[in-house]
Every structure is written in structure tokens, then in C-alpha cells.
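Take a look at the structure below.
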């Protein structure tokens, strides 16, 4: 029996447990910071490559054979800052796991999603080492960016889930518009992949001696452009369908992803016809990240459309009763 219970006091273990508890609002802030930092590190990683600083640190995890940290050169400083920023990202994703563990009320889905961030960051650290040790191999660089997209998607899903009071139900039956949205998101993801092929074939390798894939830039750029145009066309068709069915829930996310997609396509064409300047490439990479997040958000919103079959079953049950 707790001797302090009758006096209105809490014992020391109770106080310590109370101090460790994280409110839902507090956890939302943690997931928001994780999402922001994971987006920022995509841009900072691109800055390393676009400034030719990919081998500013020639070793891993040390900067070089003499020093663990070396900022004596401009390229070395840029690469080192990006590596140190990775440490900050690692800290925030670990904080997301710990905060999920002590969030009240406890939710297992948030814990698993936060562990996904940790696994992704560990994968990025390993891939980053492979990129450096293989002299900026273009395939390793592609994997580095695509894993970043998976990470930011994971962070967005975690943040959106944290803002809801309950775990969303799994969909048993997809409506036609939900199927169309999933097809559009799949094609949009393919556009991201083809974009990495263009980058791996283009002039911004991170170092003047780095290998390239060897594809003709005109060919891979056309393929990438086609996947982008098909994605935008699908999204416009879905938006018209949503208007016809008066699915107001989808209006804003559809309009958002269409506008971002058109802007992203515009930047892509401008950079292509201006000899692919580094600044526009950086803007394009940031736009690709935002575009992919908008696609993931659209997928999540589409999952909130009520299951038509379930509604019919409930309605029929109510009539029978």
C-alpha cells in the first residue's frame, strides 16, 4: 500500500513516471520537427552534390585519414556540415521513438512508425558511406535519394497519424476513385525514380571524376518528362471525377498536388533548356520532395473516403432492425 495515497501525495516513482509522459500535442511537435529536418537534409545533401563537394571528405565515417572532422577546405566544410546535420536528424528520430513510448495515451502504431524513421536513418548512414567509398557511384546516389523519399513519407504519415485521436481503419473495399489515386501515386513515384536516372546521367555528379550512368541525357529526360505528364494528366482526370461525385474531401489535396506538379514540370523544362544550372537543379530536387509528400498526403486523404460497401451494410442492418 502507498503510505502517501491517503494524503493526496504521489510516491517518487509516480512522480518520475508522470514527468516522462508526453501529451499528444507534445508528440505532434516532435513529429513535425522530424518531418522538417528530414526534408531539410534532402536539400543539404543535394547541395553537397551540386557544389561538387561529394568527395570533400574522402573517407567514412572519418572525414579523411588524418582527421575525423576537417573543415579546412570549402568542399570539406560543406560535406562535413551535411554529415553533422545527419547527427541532428538521428537525434530527432530517436526522440520520436522515445516520445512515442511515453506518449499518453500509448499507441502502438506510432511506435512502429517512429522505429521506421530510425531504420531509415541507419540505412541512410550506411548508404552514405557506400556512396563515398565507391567514389560517388551513381546507383548508390540514386538509392540514397530514393530512401530519403521513403523516409519523408514515413515522417509525414507519422505526423498525420499523431494528429488523429484513433488508428485509421483498414480499407476492405476500394472505390474507383481510390484505385485511380493509387495508380496516380504509383506513376508519380515512377516519375521520381526516372528523375534520379536523369540526375545520375547529368553533369552534377558531386565530383568531376565521379562515374555517370552513361545514358543520353536527352533520352532519359524525355522518359522522365513523359512520366511527369502522365501523372499530371491522371491527377486532373481524378480531380474532374471528384468534382462530379462531389467528393469535397479530395478537392484541396488534389489541387495542391496538381499545382506542385505543374510547377515542378515547368522548372524541369526550364533547367533542361538552360544547360541544367545547379541552382535550378537544387530547386527541382526540393520540388520533387514536396511533390512526393503531396502525393502521399493525397493517398492518406483518399483512405478517409467511407467504404461504400460497409455503409450499405450498416444502412441495411438499420432497416432490418
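Which is touching a strand residue (DSSP E or B) at 6+ places or on another chain (Cβ under 7 Å), crowded, with 16+ Cβ neighbours inside 10 Å, modelled with pLDDT of 80 or more and more than 20 Å from residue 207 (Cα to Cα), of 107, 103?
Criteria check complete, one pass: 103.
Please verify whether segment 209-226 includes one or more residues that are under 22 Å from the mean Cα position of the chain (by Cα), closer than 19 Å to residue 39 by Cα and at pLDDT 90 or above.
Looking through segment 209-226, none of the residues is under 22 Å from the mean Cα position of the chain (by Cα), closer than 19 Å to residue 39 by Cα and at pLDDT 90 or above.
For (1) surrounded by fewer than 20 Cβ atoms within 10 Å (Cβ to Cβ); (2) closer than 24 Å to residue 282 by Cβ; (3) touching a strand residue (DSSP E or B) at 6+ places or on another chain (Cβ under 7 Å), each residue gets a yes or a no:
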{"residue": "23", "(1), (2), (3)": "yes, no, no"}
{"residue": "28", "(1), (2), (3)": "yes, no, no"}
{"residue": "33", "(1), (2), (3)": "yes, yes, no"}
{"residue": "46", "(1), (2), (3)": "no, yes, no"}
{"residue": "56", "(1), (2), (3)": "no, yes, no"}
{"residue": "69", "(1), (2), (3)": "yes, no, no"}
{"residue": "77", "(1), (2), (3)": "yes, yes, no"}
{"residue": "86", "(1), (2), (3)": "yes, yes, no"}
{"residue": "93", "(1), (2), (3)": "no, no, no"}
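Out of the residues in segment 96-108 meeting the condition of being touching a helix residue (DSSP H, G or I) at 6+ places or on another chain (Cβ under 6 Å) and in a helix (DSSP H, G or I), tell me which one is farthest from residue 147 (Cα to Cα).
102
In segment 185-195, which residue that is surrounded by fewer than 23 Cβ atoms within 10 Å (Cβ to Cβ) and touching a helix residue (DSSP H, G or I) at 6+ places or on another chain (Cβ under 9 Å) is nearest to residue 257 (Cα to Cα)?
185
Taking the stated definitions as given, is residue 42 within 16 Å of the chain's Cα centre (by Cα), in contact (Cβ under 8 Å) with a residue 24 or more places away in the chain and not in a loop (DSSP other than H, G, I, E, B)?
It is true that residue 42 is within 16 Å of the chain's Cα centre (by Cα), in contact (Cβ under 8 Å) with a residue 24 or more places away in the chain and not in a loop (DSSP other than H, G, I, E, B).
For residue 71, all conditions in the list (1) part of a loop (DSSP other than H, G, I, E, B); (2) under 20 Å from residue 119 (Cβ atoms) hold save one; what is the number of the exception?
Condition not satisfied by residue 71: (2).
Within segment 138-164, can you find the residues that are more than 30 Å from residue 206 (Cα to Cα) and in contact (Cβ under 8 Å) with a residue 40 or more places away in the chain?
157, 158, 159, 160, 161, 162, 163
Condition check: assigned to a loop (DSSP other than H, G, I, E, B), over 26 Å from residue 78 (Cα atoms) and out of contact with any strand residue (DSSP E or B) (no Cβ under 9 Å at 6 or more places or on another chain). Does residue 215 satisfy that?
Against the criterion (assigned to a loop (DSSP other than H, G, I, E, B), over 26 Å from residue 78 (Cα atoms) and out of contact with any strand residue (DSSP E or B) (no Cβ under 9 Å at 6 or more places or on another chain)), residue 215 qualifies.
Please state which of the following conditions residue 199 fails to meet, knowing it meets all the rest: (1) out of contact with any helix residue (DSSP H, G or I) (no Cβ under 7 Å at 6 or more places or on another chain); (2) surrounded by fewer than 18 Cβ atoms within 10 Å (Cβ to Cβ); (3) under 18 Å from residue 291 (Cα atoms).
(2)
Please enumerate the residues belonging to segment 155-202 that are assigned to a loop (DSSP other than H, G, I, E, B) and closer than 21 Å to residue 46 by Cα.
Correct list: 202 only.
Quick check on segment 181-199. Is at least one of its residues within 18 Å of residue 306 (Cα to Cα) and outside the structural domain of residue 40 (by TED's automatic domain parsing)?
There is at least one residue in segment 181-199 that is within 18 Å of residue 306 (Cα to Cα) and outside the structural domain of residue 40 (by TED's automatic domain parsing).
Mind listing just one residue for me: the one in segment 120-137 that is free of Cβ contacts under 8 Å to residues at least 40 places away in the same chain and loosely packed, with under 14 Cβ neighbours inside 10 Å and, of those, farthest from residue 63 (Cα to Cα)?
This residue is 122.
Here are the criteria: (1) closer than 29 Å to residue 302 by Cβ; (2) in a loop (DSSP other than H, G, I, E, B). Tell me which single one residue 123 does not satisfy.
Here residue 123 clears every test but (2).
Looking at this structure, is residue 205 under 27 Å from residue 139 (Cβ atoms), crowded, with 16+ Cβ neighbours inside 10 Å, in contact (Cβ under 8 Å) with a residue 60 or more places away in the chain and not assigned by TED's automatic domain parsing to the domain that holds residue 56?
yes
The values are calculated or read from the model by the stated rules, or taken from the named source; none is laboratory data. Keep in mind the model is a prediction, meaning the values are calculated, not measured. We place every Cβ from the backbone using ideal geometry, glycine too, and count neighbours over all the protein chains shown.
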